[in-house]
Each structure stands twice: as C-alpha cells, then as structure tokens.
Amino acid sequence: MITAPSTDTHNNTEEVTCNIRDTALIFEGGGMRASYTAGALVTLLEENLHFDHVYGISAGASHTVNYLSRDIERAKASFVDLVDYPHFGGISTFLQGKGYFNAEYIYEGLIEELLGSDDPMAFDWDMFCANPADFHIEAIDWDTGETVTWTKKDITSPIDLGLKVRASSTMPIFMPPTEIDGHTYLDGGMGSSWGILLDAARADGFEKFFIVRTQEKSYRKKPVGFSGSLLKMAFRKHPVIAERTIERWQHYNALLDEIERLEAEGKAYVFYPEIMNISNKETDHQKLQDSYNRGYEQAQREKDAWYHFLFG
C-alpha cells in the first residue's frame, strides 16, 4: 500500500484532482519509439488534461507513472536524455549480463540515487502518491505464461514501483528477466493484452478511450517466419515465451483492427505517429530528440481535436 506523501516536495501536491473520468488513457509500448509519444504525454500535462485511469505496458508503463507524477521534465528525459547517463547501457552492459538497456540501473538505481534531487530523471514520489488517479500495468510470468497486473494499491515504495515498471518493460534477450517475489517476469506486451490495454480498460467499465500509439496507423505486424525456430531454441526452457512471441502478430493485428473500429464509431481517439523512423532500441541522442520534437509538434497540432473528443 502506498504511503502518504511527505510535505517536503518541490511540487505543490495540495488538492491534486483529475478532470477526465469517463475516458481511459492508454499508452502503447515500443521501447525508444516512446520518445515520439513523450511529446504527446508532455502536451497532455501542459494542457492540464488529467485522466483518472491510465493504462500502459512496457515503455507505456514508464509513460504511465511519469504521467501520474505529472513530471514534464522526466516524461521527456526518460526516452531522450536518459541515453547520455553514464550507466544507461550498451554492448558492455549487455556482455556483462545486465542488458543492452541496463535495466536495474534505469528503473530502480536512478530512482533511489536521485530521490529528492533536481535531476530531470528524479521521480516525484510525492506527486505520484497525491495524484488520485489509478494505473494499470502488466507483465508476463515466463514460466506459466500468466499475466500479472499491478495497480496503485500494489505499490509500496518508489523502488518497488521502479521494479514493477521494469518487469513490464523487460524486452526478451535485450534485458535480463525481472524477479519479484519468487516469480520471473518479461515484457507485458506478450501477455493476454497483446500490447495495448484496451480490454483491461473495458473490464474497468470504460467505453471511451484515448489511445497513444507508437506506430503509424498503417502498421501491422508480420509473421515471424524462420526466426520462430531461433526463438524456440533461445527459450527452450521457457517455451511459452517463444509461443507467445510467434503468435502475437495475429492477436496484435486484430486488436489494431478493433481500435480502428472504435475510432470510426467515435469511441476512441488515437494518437498515431505521422512517421516512425526509429527502432525500439535506438540510443542516438539526436535521433531521439528529433523523434520527441516531431511527436510534440504533432501533439500541438492535434490538441484542439483532443478537447473536442474529450469534452464535446
């Protein structure tokens, strides 16, 4: 259970409220492609558009907790400036078994190291606690294939929050699996939601959705083909992960079709990147900055349409 916020905070946490209660905010994952959608997140915060339920997986889980902490600086830094931090990752940390993205450092180490500082990556725990909004993030158990869900009531501390966001964000092969309470977890995108938490929001009673995608509208996944055999070899001790990865394309594409149907019916607003020209593993700061700039500029152009969808 989350503890009450302290009074020592650089943000005013008095009377923190939400003004959007009939619409679920959903962030898609996508690794460093989230540099683009960070521009949309920053615009939401700048416009004081505060949803009371937020859903995210993988990179979308990072967006989710940054959104609840209402931290514009961290929302951008998490997918742009973070790559310049000395222990961010790379081939050296990958060969050390820490991951191409140095996961434990990124998700827990920095939170612990920077608590109370003015660093852009410092997490505002007080605002996170004061915010009445709830969140929903997921990861997959690599032994059973079961999806685990965490909401605000499951979080005990800033470090615990970072750990669970890491579990949701753990890309197979590129990041070591995350252990929590005797269970081992990988990226929630391989779980029962298939990467976008539409069904979770529906289960909570929502019929209206604001969805932030990290791929262009035309994007569809392709079958894995020959690489399926390599996945089965890589995860021979955890075959459920290989199976989920191999079959994901069909479920994901069906989910995208469903989202487009909801959009056509006026039940969903979808922020689609106009162009996505970086990969989920991009680490070049200038390319990430350019991606963020494009996302922010697009969000600025679209924000009037956001207001129309949200408030009529």
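Annotation note: of ASP257, ASP284, the sole residue that is touching a residue at least 40 places away in the same chain (Cβ under 8 Å), open to solvent by 30 Å² or more (accessible area, probe 1.4 Å) and acidic (Asp, Glu) is ASP284. Pairing each residue of segment 238-253 that is closer than 22 Å to PRO177 by Cα and of a type in the set (Ser, Thr, Tyr) with any residue that is assigned to a helix (DSSP H, G or I) and at pLDDT below 90, provided the two are 6+ apart or on different chains, yields C-beta distances under 6 Å for THR245/LEU231.
Taking segment 254-312, which residues are among the small types (Gly, Ala, Ser) and closer than 23 Å to GLY31 by Cβ? Break it down stepwise before answering.
Of the residues in segment 254-312, the ones among the small types (Gly, Ala, Ser) are 254, 264, 266, 268, 279, 291, 295, 299, 305, 312.
Those that are among the small types (Gly, Ala, Ser) and closer than 23 Å to GLY31 by Cβ: ALA254, SER279, SER291, GLY295, ALA299.
Given the condition more than 29 Å from LEU49 (Cβ to Cβ) and modelled with pLDDT of 95 or more, answer yes or no: does some residue in segment 218-227 qualify? There is at least one residue in segment 218-227 that is more than 29 Å from LEU49 (Cβ to Cβ) and modelled with pLDDT of 95 or more. Determine whether LYS237 is farther than 30 Å from ARG301 by Cβ and open to solvent by 50 Å² or more (accessible area, probe 1.4 Å). Judged against the criteria, LYS237 is a match. Taking the criterion of being touching a residue at least 60 places away in the same chain (Cβ under 8 Å) and either surrounded by 24 or more Cβ atoms within 10 Å (Cβ to Cβ) or in a helix (DSSP H, G or I) (or both), the residues of segment 52-66 that qualify are VAL54, TYR55, GLY56, ILE57, SER58, ALA59, GLY60, ALA61, SER62, HIS63, THR64, VAL65.
Can you pull out every residue in segment 123-145 that is assigned to a strand (DSSP E or B) and not charged (D, E, K, R)? Break it down into steps so the answer makes sense when it comes.
Within segment 123-145, the subset assigned to a strand (DSSP E or B) is 134-141.
Passing the criteria: PHE135, HIS136, ILE137, ALA139, ILE140.
Within segment 191-234, being without any contact (Cβ under 8 Å) to a residue 40 or more places away in the chain and open to solvent by less than 40 Å² (accessible area, probe 1.4 Å) holds for GLY228, LEU231. If you go through segment 67-103 and pick out every residue that is assigned to a helix (DSSP H, G or I) and either over 15 Å from the mean Cα position of the chain (by Cα) or modelled with pLDDT of 95 or more (or both), you end up with 17.
Scanning segment 156-174 for residues that are touching a residue at least 60 places away in the same chain (Cβ under 8 Å), crowded, with 23+ Cβ neighbours inside 10 Å and either small (Gly, Ala, Ser) or not in a helix (DSSP H, G or I) (or both) turns up SER168, SER169, THR170.
The values are calculated or read from the model by the stated rules, or taken from the named source; none is laboratory data. What you see is a predicted model, and the numbers here were worked out from it, not measured in a lab. Methodologically, a virtual Cβ is constructed for each residue, glycine included, from the backbone with ideal geometry; neighbour enumeration extends over all protein chains shown. Note: areas computed on protein heavy atoms with side chains; ligands, DNA, RNA excluded. Shrake-Rupley method; radii C 1.70, N 1.55, O 1.52, S 1.80 Å.
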